[in-house]
Every structure is written in C-alpha cells, then in structure tokens.
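The values are calculated or read from the model by the stated rules, or taken from the named source; none is laboratory data. Not measured: the values here are computed from a predicted model. With ideal geometry, Cβ positions are generated from the backbone for all residues, glycine too; neighbour counts draw on all protein chains shown. Calculation scope for accessible area: heavy atoms of the full protein, side chains included, ligands and nucleic acids excluded. Shrake-Rupley method; radii C 1.70, N 1.55, O 1.52, S 1.80 Å.
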Amino acid sequence: MKQEAYNNIETWFNNYIAGFEIEIEEIKLNINLKRNHTFRVVELIKELSQETDMDEKDVSLAQISALLHDLGRFEQLANYGTFSDTEEINHIQLGISTITENNILSELTEEESNIVIESIKYHNELQLPKTIDSQLLPFIKILRDADKIDILYIVADYYSNNKQGNNKRLEMDLSDKPEISKKVYQSIIGEKLVNFKDVLTINDLKLYQMSLIFNLNFKKSYKIISEKTYLKQIFETLPKKDLVIDMYRQMKIHLENQL
Ligand SMILES: [Fe+2]
C-alpha cells in the first residue's frame, strides 16, 4: 500500500518539476541536479535501511520523505535563482507549503503525514532537538544521512571536475579568497559540524561540507563515504596549508574510527 502511495507521489513530483519553464541555462542545470539528487537520496534510504529494523512500509514512507525533502528547492531556484536560505525564502518552508497546498499526502494517514513533514522539517537542522518523538527519530536520522552522503557525492564531483565559478549557485555565491575562517578550523579540530553561519569563502564551504561526517548516524553512511573517497576528492581541491592538512587528518581519523 505504501509503495503505491510512493509511486503516485513520484508521478506528481515528476509532473511538478516538468512544469517549471526555465530559460536560464544554469538554473535548468541546477533543477536537474536537484532532481537527480532527490532520486539518489531515495535509493540511499533503501541501502541505509538495511542497518535498521524498518519494515517495507516504513522504508516506503522514508522514501516519500526523501522524494519530497528538497521540494522547496525547485521553487527557490526557479523563482529566486538561488540555493541560499534566508529568513523569508527558506526551502523547507516552501516545500511544506507546496505539499499542503497540493494535498500531496492525501493517501497517507495523519500519523504518516506527520512523519513525512517532520522528517522534511529536520532534515538539515544543525542539531536535532532532544524532544523529538522516538517513533519519528529513525525516519529523521535516515533522511539526514542519505541527504548528506549525496551532498558529498555532488560536491566532490563538482570540485574535482569543474573550474571554480562554473556553477555560482552551487558555490553559494561565495568568494574565492584563500582565507579559511578560524571558527571553521576550530569546529573541525573539535570534531564538530561547522556552523554554516561561519562559512565565508569557497574553501570554508568545502570544509563545511566535509564536516558533515561529524553528524552521521549509521555505520553504513561512514562506509559509503569512505569507500567512495569523497573527503579525499574534496581535500585535493583545497590549498595544501598546514591548517588544511590538520583538519583533513582529523576528519579522516574520525571517519576511520566509525568503520
Ligand atoms: Fe537534499
């Protein structure tokens, strides 16, 4: 039953994306990038679920959350031309509004809809509040990991195979200055996810993305990231300063310790 609901929502999703008429090439490219990201996150949910006691119905529900987790990104890109969340334009709020307005979760029970909405809400919060319902937690955790793994895939590929400036939106319009923020360094040496507020340059952004490994929940997530060598790929595009080498070493040790 939930698989059927997933299929119907996927059909809606594909039509929704196809409905954007975009003329700017870079926006088109980024819509496509987000669409492909979405489907890879859906697949990663299946892979990670092997480490959980989720049944088939739960996995389908988690895959519905994955399918819709970045829904607001499409409108954000199409109408505002950016990946940056601000107080007024936030991809999570945009996505949840679209879900509600279009009644996308009508085939789900109230409890299931709540799981989907809450998973979307918390998928990229820096820290999860301690008060989250224990029934919800596995759904939120699996989406958070799947999303982070695929973000690392996208950026490792982008930095390795593109000239800086090729995709300004993916670089969050940050400057290409050589500096690395002190707070970024402190977070990583303390084995903590960098706060996005401390990201001031493209180098900071790369390090922030690498630091996503400090916020994972599943052994399998570490395994995938380690096997695919995402950290190494990003590191190779950073300036080889002592500070950077220290941070890379710290992250590599952290990753290896989780395997
Ligand atoms: Fe995402």
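Annotations for the structure displayed:
- Number of positions in the range 138-153 that are touching a helix residue (DSSP H, G or I) at 6+ places or on another chain (Cβ under 6 Å), of a type in the set (A, V, I, L, M, F, W, C) and closer than 16 Å to residue 225 by Cβ: 4
- Which listed residue, of 63, 76, 135, is without any contact (Cβ under 8 Å) to a residue 24 or more places away in the chain and either within 16 Å of the ligand (Cβ to nearest atom) or in contact with a Pro (Cβ under 6 Å, 6 or more places away or on another chain) (or both): 76
- The range 105-116, residues that are away from the ligand (no atom under 16 Å from the Cβ) and among the hydrophobic types (A, V, I, L, M, F, W, C): 105, 108, 115
- Of the residues in the range 183-192, none is touching a Phe, Trp or Tyr at 6+ places or on another chain (Cβ under 9 Å), assigned by TED's automatic domain parsing to the domain that holds residue 34 and in a loop (DSSP other than H, G, I, E, B).
- If the condition is being touching a residue at least 24 places away in the same chain (Cβ under 8 Å) and either among the charged types (D, E, K, R) or open to solvent by 70 Å² or more (accessible area, probe 1.4 Å) (or both), then the range 99-123 contributes 102, 107, 112, 121.
- Any chance residue 170 is farther than 23 Å from residue 245 by Cβ and either of a type in the set (A, V, I, L, M) or open to solvent by less than 50 Å² (accessible area, probe 1.4 Å) (or both): yes
- Residues of the range 5-52 that turn out to be free of Cβ contacts under 8 Å to residues at least 40 places away in the same chain, of a type in the set (D, E, K, R) and away from the ligand (no atom under 14 Å from the Cβ), as a count: 5
- Top-ranked residue in the range 203-259 [being more than 13 Å from residue 156 (Cβ to Cβ) and among the polar types (S, T, N, Q); ranked as surrounded by the most Cβ atoms within 10 Å (Cβ to Cβ)]: 221
- Qualifying residue in the range 33-40 (condition: surrounded by fewer than 17 Cβ atoms within 10 Å (Cβ to Cβ), in a helix (DSSP H, G or I) and modelled with pLDDT under 95): no
- The numbered conditions (1) open to solvent by less than 30 Å² (accessible area, probe 1.4 Å); (2) within 15 Å of the chain's Cα centre (by Cα); (3) modelled with pLDDT of 90 or more are all true for residue 43 except (1).
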